[in-house]
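A quick write-up on the structure given underneath.
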Amino acid sequence: MTTHETVSAPGGVVLDSDLELPDSPRAVVLFAHGSGSSRRSPRNRAVALALCHSGLASLLPDLLTVREAEQDAVSAEYRFDIPLLAERLVAAVDWLSGHPATRDLPLHLFGASTGAAAALVAAGRRPARVRSVVSRGGRPDLAGEALEHVRAPVLLLVGELDTEVLRLNREAASRMGAPSEVEVVLGASHLFEEPGTLKRVTEAAREWFLNPSPPDDEPSPPPGSPGGGDGR
């Protein structure tokens, strides 16, 4: 069941959001859309729908107001404002923590592009609430020093053909304060438009959300060692 919700954010901002609730949800996933996108992102909605079939609820909020989105389409002034996006994502985390249908559920974050950086900052600000983070073609490097404050396990999914973003993800993973893993999706470019690539993203995200790995109290293995690097 999908319902339209509104999330209150600092500054009197109201974020339009879509809440997807399966029967007897096992967890809830908060989505952070990428630059130039919205809660109507077809790729994020496809992932959310597939996760729903596995018993995972989802909240897809607009992180910008209508006016901000219109301005951003012209000037791109908001899409890289990670502090602003993270602040609003934290508001959505808090909203889910107070909603009767989701407050007792494990909470996970799924971020795409610049939304991944906002998700990591939000995870660092709500370490007791966020259980894990998945990034799809994300820019975790834009989270800056906040990477060191993340405690939830992080899965970074990057397209094989997205070489510069892959380099940035590997560098960010080496700075992460939490267990992290980079998975290269074969044949995928930045938007995961190639056949089968978004399906792989969904499968990997579902597995990570239901079985976050490695455990929070174990150090992340170095790249190249068993269970480390890009092998998952």
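Looking across ARG125, ARG139, one residue alone is more than 14 Å from the chain's Cα centre (by Cα) and without any contact (Cβ under 8 Å) to a residue 60 or more places away in the chain. It is ARG125. The residues listed here are ALA122, ALA146, ALA173; of these, the one that is within 25 Å of THR102 (Cα to Cα) and either of a type in the set (A, V, I, L, M) or touching a Ser or Thr at 6+ places or on another chain (Cβ under 7 Å) (or both) is ALA122.
State all residues of the range 49-96 that are assigned to a helix (DSSP H, G or I) and over 17 Å from the mean Cα position of the chain (by Cα); if no residue qualifies, say none.
Answer for the range 49-96, where residues must be assigned to a helix (DSSP H, G or I) and over 17 Å from the mean Cα position of the chain (by Cα): VAL66, ARG67, GLU68, ALA69, GLU70, GLN71, ASP72, ALA73, VAL74, SER75.
Here the strands (runs of 3 or more DSSP E) wholly within the range 1-42 that include at least 2 residues being over 15 Å from THR102 (Cβ atoms), in contact (Cβ under 8 Å) with a residue 40 or more places away in the chain and not acidic (Asp, Glu) are 2-9, 13-20. Looking across the range 188-204, the residues that are out of contact with any Gly (no Cβ under 8 Å at 6 or more places or on another chain) and surrounded by fewer than 14 Cβ atoms within 10 Å (Cβ to Cβ) come down to GLU193, PRO195, GLU203.
Of the residues ARG129, ARG167, ARG125, ARG139, which is within 18 Å of HIS33 (Cβ to Cβ), open to solvent by 10 Å² or more (accessible area, probe 1.4 Å) and modelled with pLDDT of 95 or more?
ARG139
Scanning the range 51-90 for residues that are in contact with an Asp or Glu (Cβ under 8 Å, 6 or more places away or on another chain), buried (at least 17 other Cβ atoms within 10 Å of the Cβ) and either over 25 Å from GLY144 (Cα atoms) or small (Gly, Ala, Ser) (or both) returns CYS52, ALA57, SER58, LEU59. Scanning the range 68-83 for residues that are at negative phi and in contact (Cβ under 8 Å) with a residue 12 or more places away in the chain returns ALA69, ASP72, ALA73, TYR78, ARG79, PHE80, ILE82, PRO83.
The combined condition, being open to solvent by 10 Å² or more (accessible area, probe 1.4 Å) and in a helix (DSSP H, G or I), is fulfilled by ALA46. I'd like to verify a number: residues in the range 94-121 that are touching a helix residue (DSSP H, G or I) at 6+ places or on another chain (Cβ under 7 Å) and either open to solvent by 10 Å² or more (accessible area, probe 1.4 Å) or hydroxyl-bearing (Ser, Thr, Tyr) (or both), how many? Looking only at that region, the number is 4.
The values are calculated or read from the model by the stated rules, or taken from the named source; none is laboratory data. Everything numeric here is computed off the predicted structure, so don't read it as measured data. Every residue, glycine among them, receives a Cβ derived from its backbone with ideal geometry; neighbour counts consider all protein chains shown. Note: areas computed on protein heavy atoms with side chains; ligands, DNA, RNA excluded. Shrake-Rupley method; radii C 1.70, N 1.55, O 1.52, S 1.80 Å.
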